[in-house]
Each structure stands twice: as structure tokens, then as C-alpha cells.
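> Take this structure, written in C-alpha cells, and hold onto it; I'll ask about it next.
The values are calculated or read from the model by the stated rules, or taken from the named source; none is laboratory data. Just so we're clear, the structure is a prediction, and the values are computed from it rather than from any experiment. With ideal geometry, Cβ positions are generated from the backbone for all residues, glycine too; neighbour counts draw on all protein chains shown. What goes into the accessible areas is simple: the full protein's heavy atoms, side chains included, and nothing from ligands, DNA or RNA. Shrake-Rupley method; radii C 1.70, N 1.55, O 1.52, S 1.80 Å.
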Amino acid sequence: MSKLRVAVLGAKGRIGSEAVRAVEAAEDLELVAALGRGDSLQALTDAGAQVAVELTTPASVMDNLEFCVGHGIHAVVGTTGWTDERLARLREWLAGSPQTGVLIAPNFSIGAVLTMKFAQIAAPYFESVEVVELHHPNKVDAPSGTATRTAQLIAEARAKAGTAPAPDATTTALDGARGADVDGVPVHAVRLRGLLAHQEVLLGGEGETLTVRHDSLHHSSFMPGILLGARRVVTTPGLTFGLEHFLDLG
Ligand SMILES: NC(=O)C1=CN([C@@H]2O[C@H](COP(=O)(O)OP(=O)(O)OC[C@H]3O[C@@H](n4cnc5c(N)ncnc54)[C@H](O)[C@@H]3O)[C@@H](O)[C@H]2O)C=CC1
Ligand SMILES: O=C(O)C1=N[C@H](C(=O)O)C[C@H](O)C1
């Protein structure tokens, strides 16, 4: 059977370099291009790439995806910075290339995907909920894509269940002291040398608290999700947002 032809964009970055090694080690995948900043995207078509794994920066991801979708190259995207406006542009490009698939995964690690799922399940049952994400200090965006998505899922679950807004008597606060407001959920971002990618969802009710915590200790935690994404995206046209759609989580 022929191997799936995969390219990595952002190949010299922290996660991109790990993805290059993971694709090279996978028996059913062939690494046909490994592009860094400044490399021509023409290399993707020259190499006959079927899937591009996009792990660059929020500033680069849109141009890269416009090229990929325009050339019928499927994409697995880990890069952060997604807004409604960006998603709408991507959907327009995909409408012009209906056979092409794009997976955007705020987080490729199974533990993080499960954290989001558990938080979504628990959120309607507790009065209070806040998200704390903790990352290495070289991260350029805050809050993390994972924390933003987690807060959105929590807010959706609470709205659906008719849960009241979380109590908060704060009347005076320094700017930022209560975190960023993501759909009504406070999200706090910590940047600390020694960390990689971590998240806690804190839930509180009368006389009890529940903490859901996940730790990515190495970039290897993201690799099974990236490889799964590459294998599945080629048969899943259109936009898929979240790795959970490629997992059987019940
Ligand atoms: N979804 C997930 O599970 C994960 C997502 N990420 C996200 O992936 C992105 C990259 O993270 P890191 O590797 O830590 O950053 P990084 O800064 O180490 O790597 C980004 C790389 O992309 C390169 N680059 C920039 N523009 C480019 C372009 N147009 N073409 C090719 N390469 C280009 C940079 O030179 C750099 O080498 C971030 O948005 C981060 O949040 C990171 C880890 C896991
Ligand atoms: O920049 C990182 O490192 C990570 N970025 C993603 C995010 O913003 O959620 C995923 C993971 O947290 C690591």
C-alpha cells in the first residue's frame, strides 16, 4: 500500500521538529517536505504532499492554509489564534475546494481532549468555574488555544443547562486580576520557566470543589493526535474543529 505523503510546516519549531520525527517514524506515512520560515510553499506541490501539518504561528497560519486548501492539500492544524472571523475565511476557502479536509485541534494530546470533555460534563453541576492554563515562557499567545476552547465548551454546557452565572462579589480589581473573560468564564494564564503545557479547570459548589488537571510533560504527548489527524483528515472533507471528532469518546 502506498504511504500517505505528509509535509510539516514549522518544521524547526518546538512541536514541528517533534512532528518531523514522528512522521518519519510512522510506517504508513512519508515525510515529503519539512518547511521553515521563508521556505516557498511551492515545495508542497513539488513534493506531491497530500497532507500538511501546520505548526507555525498565528501570524503565518492563514496564508499557509489558503495555499493548502487552494491546492487541494489537506491540513492538520495545531497553530493557535483562531477567531470566528478566521474560521469564516477558512470555511469560504473550503467551500471552493469541497474535497479538501482541514482539522484544527486546539490540543492534540488525549489527556487535554479528555480534560475538555470532563470540564464540559461537570460545568453545569457547579456554581463556580474558572480555567488556569500554565505554559513555558516562550509561548506568544495568551490565553492558550486549549484554555479558550475549554472555556467556550464550559460556557456552552452551562448555557444549555440554564446554569446561573458564577457568583463573584468583586467590585474593585487591578486590570487582569480576575483573568480574561472568555464567554463569561475567567481564564488565567501563567508563564513559567520549567513548564511545558498544563491546565486546571477549577469547579466549586456548596462545600466542595473539583479540579480537573492535565499536564503535557513533553511534546511527544501531541504526536499520536497529529498522526491520527493526518490519517483521518484525508477522508473527512470540510472543517473539523477538535480532535475529539476523530476519537470514539462515547
Ligand atoms: N494543538 C496542539 O496540541 C499544540 C499546538 N501548539 C501550537 O503550535 C504553534 C507552534 O508552537 P511552537 O512549536 O511552540 O512554536 P515555535 O516558535 O517553536 O515554532 C514555530 C515555528 O514556525 C516557524 N514559522 C513561522 N512562520 C512560518 C511559515 N510561514 N512557514 C514555515 N514555518 C514558519 C518559526 O520559524 C518556528 O520555527 C503555536 O501556535 C502553539 O500554540 C503547540 C503545541 C501543541
Ligand atoms: O504553545 C504551546 O506550547 C501549546 N499551545 C497550544 C495551546 O495554545 O493550547 C496547545 C498546548 O497547550 C501547547
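> Identify all residues within region 210-227 that are surrounded by fewer than 18 Cβ atoms within 10 Å (Cβ to Cβ), away from ligand 1 (no atom under 14 Å from the Cβ) and touching a residue at least 60 places away in the same chain (Cβ under 8 Å); write none if there are none.
Once the filter is applied, which keeps residues that are surrounded by fewer than 18 Cβ atoms within 10 Å (Cβ to Cβ), away from ligand 1 (no atom under 14 Å from the Cβ) and touching a residue at least 60 places away in the same chain (Cβ under 8 Å), region 210-227 yields LEU210, ARG213.
> What residue, of ALA75, ALA123, is small (Gly, Ala, Ser), more than 30 Å from ALA230 (Cβ to Cβ) and in contact (Cβ under 8 Å) with a residue 12 or more places away in the chain?
Going through ALA75, ALA123 in turn, the sole match is ALA123.
> I've got another one for you. Suppose we filter region 1-16 for residues that are open to solvent by 70 Å² or more (accessible area, probe 1.4 Å), in contact with an Asp or Glu (Cβ under 9 Å, 6 or more places away or on another chain) and not polar (S, T, N, Q); how many remain?
Number satisfying all stated conditions: 3.
> Now for a different question. Which of the numbered conditions does GLY250 fail, given that it passes all the others? Conditions: (1) at pLDDT 95 or above; (2) on the phi > 0 side of the Ramachandran plot.
Evaluating GLY250 over (1) at pLDDT 95 or above; (2) on the phi > 0 side of the Ramachandran plot leaves (1) as the failure.
> May I ask you to list the residues in region 192-209 that are open to solvent by less than 70 Å² (accessible area, probe 1.4 Å) and over 30 Å from ALA26 (Cβ atoms)?
GLU200, VAL201, LEU202, LEU203, GLY204, GLY205
> Among what's in region 67-94 and is away from ligand 2 (no atom under 16 Å from the Cβ) and touching a Gly at 6+ places or on another chain (Cβ under 9 Å), pick the residue that is most open to solvent (accessible area, probe 1.4 Å).
In this case the residue turns out to be ARG91.
> Related question: Determine if region 29-48 includes at least one residue that is under 21 Å from PRO224 (Cβ atoms), open to solvent by 10 Å² or more (accessible area, probe 1.4 Å) and of a type in the set (Gly, Ala, Ser).
yes
> Would region 188-209 turn up any residue that is over 21 Å from GLY78 (Cα atoms) and within 13 Å of ligand 2 (Cβ to nearest atom)?
Yes, region 188-209 contains at least one residue that is over 21 Å from GLY78 (Cα atoms) and within 13 Å of ligand 2 (Cβ to nearest atom).
> Collect the residues in region 34-48 that are in contact with a strand residue (DSSP E or B) (Cβ under 9 Å, 6 or more places away or on another chain) and either within 18 Å of GLY13 (Cβ to Cβ) or not in a loop (DSSP other than H, G, I, E, B) (or both), keeping them in residue-number order.
ALA34, LEU35, GLY36, ASP39, LEU41, ALA43, LEU44, ASP46
> Of the conditions (1) in the same structural domain as ALA88 (by the TED database); (2) of a type in the set (A, V, I, L, M, F, W, C); (3) within 20 Å of GLY145 (Cα to Cα), LEU192 satisfies every one except a single condition; which number is it?
(1)
> So if I check each of ALA157, ALA151, ALA230, which one is within 28 Å of LEU65 (Cα to Cα), open to solvent by less than 40 Å² (accessible area, probe 1.4 Å) and without any contact (Cβ under 8 Å) to a residue 40 or more places away in the chain?
Among ALA157, ALA151, ALA230, only ALA151 is within 28 Å of LEU65 (Cα to Cα), open to solvent by less than 40 Å² (accessible area, probe 1.4 Å) and without any contact (Cβ under 8 Å) to a residue 40 or more places away in the chain.
> Give me a count of the residues in region 108-147 that are among the hydrophobic types (A, V, I, L, M, F, W, C), away from ligand 1 (no atom under 12 Å from the Cβ) and touching a strand residue (DSSP E or B) at 6+ places or on another chain (Cβ under 6 Å).
9
> Restricting to region 216-230, count the residues that are more than 21 Å from THR240 (Cβ to Cβ) and within 11 Å of ligand 2 (Cβ to nearest atom).
Selection size over region 216-230: 2.
> Consider ALA19 carefully, then state whether it is in contact with a helix residue (DSSP H, G or I) (Cβ under 9 Å, 6 or more places away or on another chain), in a helix (DSSP H, G or I) and open to solvent by less than 40 Å² (accessible area, probe 1.4 Å).
Considered against the rule, which asks whether it is in contact with a helix residue (DSSP H, G or I) (Cβ under 9 Å, 6 or more places away or on another chain), in a helix (DSSP H, G or I) and open to solvent by less than 40 Å² (accessible area, probe 1.4 Å), ALA19 comes out as yes.
> Can I ask one more? I'd like the full set of residues that are farther than 17 Å from LEU202 by Cβ and either in contact with a Cys (Cβ under 8 Å, 6 or more places away or on another chain) or open to solvent by less than 80 Å² (accessible area, probe 1.4 Å) (or both), limited to region 160-174.
Within region 160-174, ALA161, GLY162, ALA164, ALA173 meet the criteria.
> For region 113-128, check the following and say yes or no: at least one residue is part of a strand (DSSP E or B) and either modelled with pLDDT under 95 or more than 17 Å from the chain's Cα centre (by Cα) (or both).
yes
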